[in-house]
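Quick notes on the structure that follows.
The values are calculated or read from the model by the stated rules, or taken from the named source; none is laboratory data. This is a predicted model, so every value here is computed, not measured. Positions of Cβ are backbone-derived with ideal geometry, glycine not excepted, and every protein chain shown enters the neighbour counts. To get the accessible areas, we keep the full protein, side chains included, count just its heavy atoms, and leave off ligands, DNA and RNA. Shrake-Rupley method; radii C 1.70, N 1.55, O 1.52, S 1.80 Å.
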Amino acid sequence: MTATPQQAGPAGPPAAQAQAKDPRPRAHPIHVSAGYIFENFDEAQARFAGTVPGFVYTRTGNPTIAAAEQALAALENAQDALLVASGQAAITLALTSAAGQGDHILASSSLYEGSRGLLLENLPRFGIEASFVENPLDPAAWARNIRPNTRAVFLESIPNALGDVPDLEAIAEIAHRHGVPVIVDNTLATPALLRPLDHGADVVVHSTSKALTGHGTVLGGAILSGDSFDWGSGNYPHLSGPSLSLQGGSFTNTAGPTRAFAAYLRGVAAPRLGPTASPYHAHALLQGLETLELRVLRQSESAHQIAAWLERQPGVQHVDHPGLPSHPAHHNAQRLLQHGAGSVFMVTLRGGLDAARAAHDALGTFTRMTHVGDVRSLVLHPASTTHTLRTPAERAAIGVHPGTLRLSIGLESPAALIEDLSTALDAAASATREAAPPTPKPTTTDRRVPVS
Ligand SMILES: *Cc1c(COP(=O)(O)O)cnc(C)c1O
């Protein structure tokens, strides 16, 4: 018996076949295509010119990437979001789209090491100079260090990993008085804890590799632009002057003075410099964003509980968690981070390096790995891994001592994590008993060096 077209075959009746062409998936599909079909000559020309909407080539836009950008922009209250390949790419694009040859960037000294290296080693080769505010908790120190050629102020909402939450509003007020925009790395806070654009920031950057995607799978970055900074002052001639991409027009004229930066990022910086996000990674981000608030609030709450417990343990010298009253930035955290102070913090053990090594290797529920914001709890010894390029004094100034471990708290039960840490502290205690004379004194390098 042969099926005629009228009979219901394995694929179902004709109506179902038609429906299968438009299956209306509930989750956003992954659009994996380098380019997009033009119906004819005129459409190709119009899509390139942007006079007819539609995607052209994935380096300039992709439906899955666009969906993730819209979701993230809504979460951060941003007028535009641009997804790129990594957090480092986002920071590089944001900073180089604000500053150029002969310009200066004023950054916090409490900064992710990758950002610090970019400012110290990569950007100077392009004629961009950076300096670092030694006490980022003091708004007056920011005011003192702004120069006539400062084109961006750069800081982290919850610095990785000292947690010295700066007074964002006060710093933004100072920067804006000097006509300088504020770029905030919001990776550790995520919009579940803080929306920097609502507190004076002009641009937000993210490593979406961390809590935004959340599951420790893929890398990504994002740049989110606000709608209040005036880029038309003349200090940003690439935005207010003639642009090749606009056939001699300017971004401040075509997009408007407050949206010129976002338009330049999307139109000139990202497609030319080329760190395009992957549609697969954008899909992972979309999925992560659906549970962002649940994960971040829970992880933040667990971290606070664990930090408070650690602070009471005899083997612990101090804990750098801004949710604890002992932290110098606790007042800023209380004001800005009312839903929690994040899931990443450092703990410094009394027994120095030997104690940290023993505790690190005794942990079982925690994974030894360099990453943060993962659903799994992670541990790292910064002084011997991420922070080897700094001198001991520089490390001490940002709270990284020989006895310091960085913890990122995941979704496991806090009780199980405390039990694991308790075992690790026992291992640290026996290691230091064996390694040192009966009553070991804290070594001088273990003492917290005050930040000037
Ligand atoms: C991880 C991280 C980055 C870099 O992001 P990648 O996605 O690894 O390139 C930047 N800033 C902060 C605060 C980070 O934690």
Exercise for the section: Using a 1.4 Å probe over the heavy atoms of the protein chains, calculate the carbon and sulfur portion of the accessible area of segment 318-422 as a whole percent. Expected result: 56 percent
Problem - Cα gyration tensor shape for the chain, rounded if a/c is under 1.5, else prolate or oblate - result: oblate
Handout entry: Selection from Leu188, Ala383, Val400 lying farthest towards where the dipole of the chain points positive, charges on Cβ
Key = Ala383
Problem - Gained length - Leu273 relative to His28, 0.36 nm times residue gap less alpha-carbon distance - result: 85.4 nm
Exercise for the section: Grab the Cα-Cα distance for Gln305 and Met369, subtract it from 0.36 nm times how many residues apart they are, and report the gain in nm with one decimal. Expected result: 20.8 nm
Handout entry: Computed Rg/Rh of segment 173-268, alpha carbon atoms with Kirkwood Rh
Key = 1.05
Fill in the blank from the handout: One computes Rg over Rh for segment 307-418 from alpha-carbon atoms, with the Kirkwood Rh, and obtains 0.95
Handout entry: Inter-site label distance for Arg312 and Ala435 at 7 Å from Cα along Cβ, in nm
Key = 2.7 nm
Exercise for the section: Tell me the label-point distance for the pair Gln287, Thr391, using the 7 Å Cα-to-Cβ offset, in nm and rounded to one decimal. Expected result: 4.7 nm
Fill in the blank from the handout: Note, segment 186-195: 3J(HN,Hα) by Karplus (6.51, -1.76, 1.60, θ = phi - 60°), whole Hz, Gly/Pro = x, goes 9, 4, 6, 7, 6, x, 5, 10, 7, 10
Problem - Solvent-accessible area, 1.4 Å probe, carbon plus sulfur percent, for segment 106-145 - result: 47 percent
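Given only helices, namely DSSP H runs of n ≥ 4 each adding -39500 (n - 2.57), what is the per-residue ellipticity at 222 nm of the chain, to the nearest 500 deg cm²/dmol?
-10500 deg cm²/dmol
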Handout entry: Carbon/sulfur fraction of accessible area - segment 202-267, other protein chains in place, 1.4 Å, %
Key = 53 percent
Completion exercise
In Å², rounded to a whole number, the accessible area per residue of segment 302-360 with probe 1.4 Å is 40 Å²
Problem - P(r) of segment 225-348 over all Cα-Cα pairs, binned every 5 Å from zero, in whole percent - result: 2, 10, 13, 11, 9, 9, 12, 13, 10, 7, 3, 1, 1, 0
Exercise for the section: Express in nm, to one decimal, how much length is gained between Gln79 and His215 on full extension, taking 0.36 nm for each residue of separation and deducting their alpha carbon distance. Expected result: 46.3 nm
Practice task
Provide the solvent-accessible area of Tyr112, counting protein heavy atoms only and rolling a 1.4 Å probe, rounded to the nearest 10 Å².
Solution key: 80 Å²
Practice task
Quickly work out the Thr60-to-His178 label distance, labels modelled 7 Å from Cα along the C-beta direction, and quote it in nm with one decimal.
Solution key: 3.8 nm
Problem - Surface accessible to a 1.4 Å probe, per residue, for the residues of segment 152-272, Å² - result: 31 Å²
Practice task
Would you grab the residues whose amide H sits under 5 Å from the one on Thr213? Only those 5+ places off in sequence or on another chain, please, with H modelled 1.01 Å from N.
Solution key: none
Exercise for the section: Indicate, rounded to the nearest 5 percent, the antiparallel portion of the DSSP beta bridges found entirely in the chain. Expected result: 60 percent
Problem - Percentage relative contact order, the chain, counting C-alpha pairs under 8 Å, at least six apart - result: 15 percent
